[in-house]
1. Looking only at the stretch 174-187, count how many residues are on the phi < 0 side of the Ramachandran plot and out of contact with any Leu (no Cβ under 6 Å at 6 or more places or on another chain).
2. Cβ-Cβ distance below 7 Å, separation of 6 or more or different chains: which pairs start in the stretch 115-133 with a residue that is crowded, with 16+ Cβ neighbours inside 10 Å and end on one that is part of a helix (DSSP H, G or I) and at pLDDT below 75?
3. Quick check on my filter: what residues within the stretch 1-53 are away from ligand 2 (no atom under 16 Å from the Cβ), of a type in the set (Gly, Ala, Ser) and part of a strand (DSSP E or B)?
4. Name the residue, out of GLN148, GLN143, GLN228, that is surrounded by fewer than 18 Cβ atoms within 10 Å (Cβ to Cβ), within 14 Å of ligand 1 (Cβ to nearest atom) and farther than 21 Å from ARG83 by Cβ.
5. Look at SER217 and say whether it is closer than 20 Å to ILE27 by Cα, in a helix (DSSP H, G or I), out of contact with any Lys or Arg (no Cβ under 8 Å at 6 or more places or on another chain) and hydroxyl-bearing (Ser, Thr, Tyr).
6. Can you find, within the stretch 69-88, the residue that is modelled with the lowest pLDDT among those that are under 24 Å from LEU17 (Cβ atoms), of a type outside the set (D, E, K, R) and touching a helix residue (DSSP H, G or I) at 6+ places or on another chain (Cβ under 9 Å)?
7. Quick one: what pairs do we get from the stretch 20-45, first residue farther than 19 Å from MET213 by Cβ and within 11 Å of ligand 1 (Cβ to nearest atom), second outside any loop (DSSP other than H, G, I, E, B) and of a type in the set (Asp, Glu), C-beta under 6 Å, 6+ apart or different chains?
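The values are calculated or read from the model by the stated rules, or taken from the named source; none is laboratory data. Keep in mind that what you see is a predicted model, and the values were worked out from it rather than measured. Counting neighbours? That spans all protein chains shown, and the Cβs are built from the backbone with ideal geometry, glycine included.
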Amino acid sequence: MKPLLQVEHLSVQFGGLKAVDDVSFEIWPNEVFSLIGPNGAGKTTIFNLISGLYQPSSGFITFEGEKISALAPYEIARLGIARTFQNIELFEHATVLQNLLVGRHCHRHTNWLQDLLFTPATRRAEMQFRRTVEEVIEFLDLQHYRDQMVGGLPYGVRKVVELGRALAMRPKLLLLDEPSSGLNVEETEDVSFWIEDIKHDLGITVLMVEHDMGLVSRVSDRVLALNQGEMLTLGTAAEVQAHPDVVEAYLGGAEDDPPPPTPRPTGGGDGSSPPAGGSMSHAASGLGRPGAGGGQ
Ligand SMILES: Nc1ncnc2c1ncn2[C@@H]1O[C@H](COP(=O)(O)OP(=O)(O)OP(=O)(O)O)[C@@H](O)[C@H]1O
Ligand SMILES: [Mg+2]
């Protein structure tokens with residue numbers, strides 16, 4: 001078996017700061033791989049490097065054996081890498097359905113003339129888009145919200161819509177940046193169910209950045225801990241949590257303290273404002289688990 005994604009001696013520097021410093025790892029097909037580490041460890045920067053928003057200072061990334069570190073973000077998306085953002089990035093003045101249709105846009109192969117004339121090829125593509133998006137709506141239980149403006153939705157629902165937009169791309173690799181940030185305990189548990197369904201029912205490989213160690217332990221096959229841009233250790237969630245370097249990174253070296261890194265209650269470690277409506281009820285959040293998975 002070949003790795004789906006390979007990160008080789010990856011580094012990026014911003015001025016004098018080494019945000020990512022010689023990081024290497026590979027992700028195997030159908031695994032859930034998590035990146036953990038204190039604020040500023042370089043986790044989101046690695047996502048930005050994989051999705052093409054940043055160019056590495058040195059090292060490279062391959063996806064299905066192809067070097068992607070010099071490609072543009074839309075080219076990387078088209079190869080099958082989708083992501084969510086640490087701060088939700090949606091079109092607030094568009095409906096849930098419209099936001100999800102945007103997720104399909106990178107797979108559009110008709111040209112402007114075909115679209116203008118609404119040729120059979122355009123019609124077929126449009127119907128395929130709609131079908132995929134409707135499957136995602138069903139999978140994530142978003143039917144109730146499909147025609148509502150995103151801007152008026154509770155934070156927890158917008159978080160699911162963003163996940164839906166990434167899934168609408170039918171990615172091979174899904175990057176989730178802090179999927180539980182701002183969610184309550186019950187909603188976070190729902191996220192763990194989504195991730196398991198995404199892995200088992202949809203067969204999508206997941207790379208996740210997460211501070212909630214409960215969620216990390218529940219869903220991750222392997223975990224890589226980072227600190228100040230450098231790799232600390234890689235292993236199972238339990239191995240990584242017990243590693244002395246990880247304990248030190250989180251607790252500042254207090255040797256007698258208990259080992260597990262403490263979960264951060266709300267997200268947005270990059271200065272984002274705390275989410276509004278973070279404690280909405282389960283029913284209102286739209287985070288209910290789908291009854292029977294669903295296949296795309
Ligand atoms: N575009 C940029 N320009 C300058 N510095 C940056 C840039 N992007 C990230 N950094 C810096 O790189 C370091 C790593 O940031 P990054 O956002 O990757 O951390 P993180 O591990 O995701 O942290 P958090 O858990 O708080 O989200 C930080 O010191 C950050 O300030
Ligand atoms: Mg981050």
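1. Number of matching residues: 9.
2. Short answer, once both residue conditions are applied: THR122/GLN114; THR122/ASP115; PHE129/ARG104; THR132/ARG104; VAL133/ARG104.
3. SER11, SER24
4. Just one listed residue meets the conditions, GLN228.
5. So SER217 fits the description; yes.
6. Per the criteria, the residue is GLN86.
7. Sorted first by the residue in the stretch 20-45, then by its partner, the pairs are ASP21/GLU230.
Yes or no, residue by residue, for (1) more than 13 Å from the chain's Cα centre (by Cα); (2) farther than 20 Å from LEU79 by Cα; (3) not β-branched (Val, Ile, Thr):
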position	(1), (2), (3)
ARG130	yes, yes, yes
VAL136	yes, no, no
LEU140	yes, yes, yes
GLY151	yes, yes, yes
VAL157	yes, yes, no
LEU174	no, no, yes
LEU202	yes, no, yes
